[in-house]
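To keep things clear, I will list the structure first and then write my remarks on it.
The values are calculated or read from the model by the stated rules, or taken from the named source; none is laboratory data. On a predicted model such as this, the values are computed, not experimentally measured, just so you know. Note that we place each Cβ from the backbone using ideal geometry, even for glycine, and neighbour counts take in every protein chain shown.
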Ligand code: DGY
């Protein structure tokens, strides 16, 4: 049997590429070139599988140009770069990397919320510029996080680890909103209270976004939502760019209609709205919420496990559209 051919679309841990080489003919990308849509499609010619990240768009046009493709395996829990319906219609398995990054991402979300509320980036830049000459009673006064109200928009795996840190760690009151509600036995240990979106916006001292990006969540936080928040509130986005209307956020911050924002993800990233760069009240990080060494390694290995199983007749551990497997 000829070995399947796969593309590893971005640079990744060399040992993970070696694992794939044990099963496949592998074209990898050690130079970490970002392929255009046309180049990605061209490189996938003759390949049955792709190891992807959130940067590679897998859509109907690419699939139609690559009818031999059988599996696309994302090294990310988010998969808004996949047109899953188009994949499913063509029998292409999609996989992602849930669970292995949950606690690491919760750590980061918590750190970003803290840094935002306590003005850590802003004050560090001040110090680095050599402007610190004396202590002052009101220098970089921020907002308390302990005992404040944490609002979480979204649901799923990441909510509970964040809520647990908040409620059990530093005594925050936790409210959340999502289309569906946690089971009572999941809410109880963390004292999380389900509220409607308007209540969430109005009551949160620190609002954290953890919902997946889709057409339905596009600009879930825009000018109207920002206007409902407390002027003292902070907003932290560790979910996806596009969930927040970044232009509206920049304006709200400029007009001090909310206090501060912590952003790990941006509309159109790695480009970002230049207005955000001029605002000292924003903490900006380059999409690194899952970036601990151990977790990135676990994500890469899980994506490889999925690809190996998908193309060798095994059971991929984390399929997005498992119905494709059933119909094979
Ligand atoms: C994810 O896993 O979705 C993270 O955002 C990394 O891309």
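The single condition from (1) within 13 Å of the ligand (Cβ to nearest atom); (2) surrounded by fewer than 17 Cβ atoms within 10 Å (Cβ to Cβ); (3) without any contact (Cβ under 8 Å) to a residue 60 or more places away in the chain that residue 39 fails is (1). Among the residues of the stretch 14-36, which ones are out of contact with any helix residue (DSSP H, G or I) (no Cβ under 7 Å at 6 or more places or on another chain) and outside any loop (DSSP other than H, G, I, E, B)? Those that are out of contact with any helix residue (DSSP H, G or I) (no Cβ under 7 Å at 6 or more places or on another chain) and outside any loop (DSSP other than H, G, I, E, B): 14, 15, 17, 18, 21, 25.
Condition check for residue 16 on (1) under 21 Å from residue 327 (Cβ atoms); (2) within 16 Å of the ligand (Cβ to nearest atom); (3) in contact (Cβ under 8 Å) with a residue 60 or more places away in the chain: one failure, at (1). For the stretch 191-244, a residue qualifies if it is more than 16 Å from the ligand (Cβ to nearest atom) and on the phi > 0 side of the Ramachandran plot, and the qualifying residues are 191, 219.
Take residue 3 and decide whether it is in contact with a strand residue (DSSP E or B) (Cβ under 9 Å, 6 or more places away or on another chain), assigned to a loop (DSSP other than H, G, I, E, B) and within 14 Å of residue 303 (Cα to Cα). Before the answer, list the steps.
On the way: in contact with a strand residue (DSSP E or B) (Cβ under 9 Å, 6 or more places away or on another chain): yes; assigned to a loop (DSSP other than H, G, I, E, B): yes; within 14 Å of residue 303 (Cα to Cα): no.
For residue 3, the condition - in contact with a strand residue (DSSP E or B) (Cβ under 9 Å, 6 or more places away or on another chain), assigned to a loop (DSSP other than H, G, I, E, B) and within 14 Å of residue 303 (Cα to Cα) - is not met.
Looking at the stretch 194-298, the helices (runs of 4 or more DSSP H) lying wholly inside it that each contain 2 or more residues that are in the same structural domain as residue 163 (by TED's automatic domain parsing), surrounded by fewer than 17 Cβ atoms within 10 Å (Cβ to Cβ) and in contact with a helix residue (DSSP H, G or I) (Cβ under 8 Å, 6 or more places away or on another chain) sit at 197-203, 223-228, 246-254.
Run down 34, 58 and say which single residue is within 16 Å of the ligand (Cβ to nearest atom), modelled with pLDDT of 95 or more and touching a strand residue (DSSP E or B) at 6+ places or on another chain (Cβ under 7 Å).
Working: 34 fails: touching a strand residue (DSSP E or B) at 6+ places or on another chain (Cβ under 7 Å).
Testing whether each residue is within 16 Å of the ligand (Cβ to nearest atom), modelled with pLDDT of 95 or more and touching a strand residue (DSSP E or B) at 6+ places or on another chain (Cβ under 7 Å) leaves just 58.
Residue 28 fulfils the conditions (1) crowded, with 17+ Cβ neighbours inside 10 Å; (2) free of Cβ contacts under 8 Å to residues at least 60 places away in the same chain; (3) within 26 Å of residue 326 (Cβ to Cβ); (4) over 21 Å from the mean Cα position of the chain (by Cα) except for a single criterion, (3). Counting only residues that are farther than 19 Å from residue 197 by Cβ and surrounded by fewer than 17 Cβ atoms within 10 Å (Cβ to Cβ), the stretch 138-163 holds 8 of them. Applying a threshold of 8 Å to beta carbon distances and a minimum spacing of six or more residues, or different chains, the list of pairs starting in the stretch 211-224 at a residue that is free of Cβ contacts under 8 Å to residues at least 40 places away in the same chain and ending at one that is assigned to a helix (DSSP H, G or I) reads 219/248; 222/248; 223/248; 223/251; 223/252.
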